[in-house]
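Data block below; observations after.
The numbers here are math on the coordinates, done by the rules we state, and not lab data. Since we're looking at a predicted model, the values are computed, not measured. Please note: Cβ atoms are built from the backbone with ideal geometry, for glycine as well, and neighbour counts cover all protein chains shown.
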Amino acid sequence: MIKKKLKMDPNYNNNNNNKYVSNEIVNNINEILCGVGSNNSSSACSSSGNDSGSASLVNNTINNFYDAEKNCFSSVGFDDSHNNIDNKNIENCKLNFIKEYVTIKSEEIYLEGIINYNEKSKGIIIFVHGIGSSRFSPRNLFLSKYFQNMGYSTLLFDLLTPQEERLNNITGEFKYNLNFISNRILNATQFIIFNQKLKHLDIIYFGSSTGSAGIIECEKKVLSLGIKIKSIISRSGRLSLCNDNSIKSISTRILLVCGGDDKETLENNKLFLNKMNSRLEKKLAVILNATHLFPEENALENVASITLNFLNSSTL
């Protein structure tokens, strides 16, 4: 069996104990797992003889692998001596997903989508791309496959029809129209909620660029319909487009992921993180040396791994 390890960039190595992940990313994951100032007394959050508390947990407990033979991502546990102690792959890699090409009604038009689902999955991740991209975004397709193999159903859908896309290429009228984008996100969410096979699954949003801003603007609309949102993930989110009131009133736990070399986006995300309610569970993860689209080696894998830790830490 061929196994290819998904390593963090070895150039990030600042410490012999942290082979695959930078100290900054370790600290972000520790906050996700245990929370800043958390009173969590579980073994996962206990001190392990170093100043970073549970930092060793990230590298010694869980490592992600890609199994080329099964076309499946899995997790393998290690003890302190890096001996294999627990293969956590059993349920995730055996969970079979049904793939369907769907159409989502939005007023008088229909949006194209791809759904991969299993009724026993941990939840459904709705991917929201930026205007100018589509359901075929190679980054979202990669992330979608990763999360399916980690036990999550996924939905990728187009925000625009082909006709609207052609119009936008000429006029740009949809690019920053957050009310328009948020309504399309609401329609995709209702598609899930009205589906008998899917309505019981927890809703998770994963946005990128303007899609992230659309999710934040959409949150109140979704919650007003009595629909619960488990988590929001933002990758390179254009949060500067958001209304200040939407940022300040957001009530869903949120993870912001930015590239360390995507300076403008990172600074904006830091600014808006501070504007969010102080009681909200909110995290900012910085992928060192990564730019806006995360094309760098291992950068997107890092996004996936940090997001998975955040999702699996939810107690909703």
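Relative contact order of the range 96-312: what whole-number percent is it, with Cα pairs under 8 angstrom and at least 6 residues apart? Intermediate results must be reported in sequence, preceding the final value.
Numbers: 415 pairs, mean separation 35.5, N = 217.
Computed value for the range 96-312: 16 percent relative contact order.
For a quick protection proxy, order the peptides 222-231, 255-264 by their average other-Cβ count within 10 Å, most packed first. If you can, show how the numbers build up before the last one.
Values: 222-231: 14.6, 255-264: 20.1.
In decreasing order of mean packing, 222-231, 255-264 become 255-264, 222-231.
For Ala285, enumerate residues with amide H under 5 Å from its amide H, sequence gap 5+ or separate chain, H modeled in the peptide plane.
Close amide H contacts, sequence-distant or interchain: Leu256, Val257, Cys258.
Filter the cross-link list Lys99/Lys199; Lys248/Lys283; Lys105/Lys282; Lys248/Lys270; Lys120/Lys197; Lys199/Lys282 down to pairs whose alpha-carbon distance in this structure exceeds 21 Å. List each step's numbers first, then the result.
Working: Lys99/Lys199 17 Å; Lys248/Lys283 15 Å; Lys105/Lys282 32 Å; Lys248/Lys270 14 Å; Lys120/Lys197 10 Å; Lys199/Lys282 26 Å.
Check vs 21 Å cut-off fails for Lys105/Lys282; Lys199/Lys282.
Please list, in chain and number order, the residues 5+ apart from Ser231 or on another chain whose amide H is under 5 Å from its amide H, with Hs placed from the backbone.
Placed amide hydrogens put Tyr205 under 5 Å from Ser231.
Based on the Kirkwood radius over alpha-carbon pairs, what is the Stokes-Einstein translational diffusion coefficient of the range 179-244 at 37 °C with 0.692 mPa s viscosity, in µm²/s?
Numbers: Rh = 12.0 Å.
After rounding, the answer is 273 µm²/s.
Check Ser313: other-chain or 5+ apart residues with amide H under 5 Å from its amide H, H built from backbone geometry?
Excluding prolines and chain starts, which carry no amide H, there are no hits.
Take every Cα pair under 8 Å in the range 201-256 that's 6+ residues apart, average their separations, divide by the length, and report that relative contact order as a whole percent. Could the numbers behind the result be given before it?
Numbers: 88 pairs, mean separation 24.4, N = 56.
Answer for the range 201-256 is 44 percent.
Which of the three applies to the range 131-201, rounded, prolate or oblate, going by the alpha-carbon gyration tensor with a ≥ b ≥ c and a/c under 1.5 meaning rounded?
On the way: a/c = 2.92, a/b = 1.55, b/c = 1.89.
The shape class here is oblate.
Of the peptides 270-283, 199-212, how do they stack up when ordered by the mean number of other Cβ atoms within 10 Å, highest first? Display every interim value, and only then the final one.
On the way: 270-283: 14.6, 199-212: 23.1.
By packing density, highest mean first, the sequence is 199-212, 270-283.
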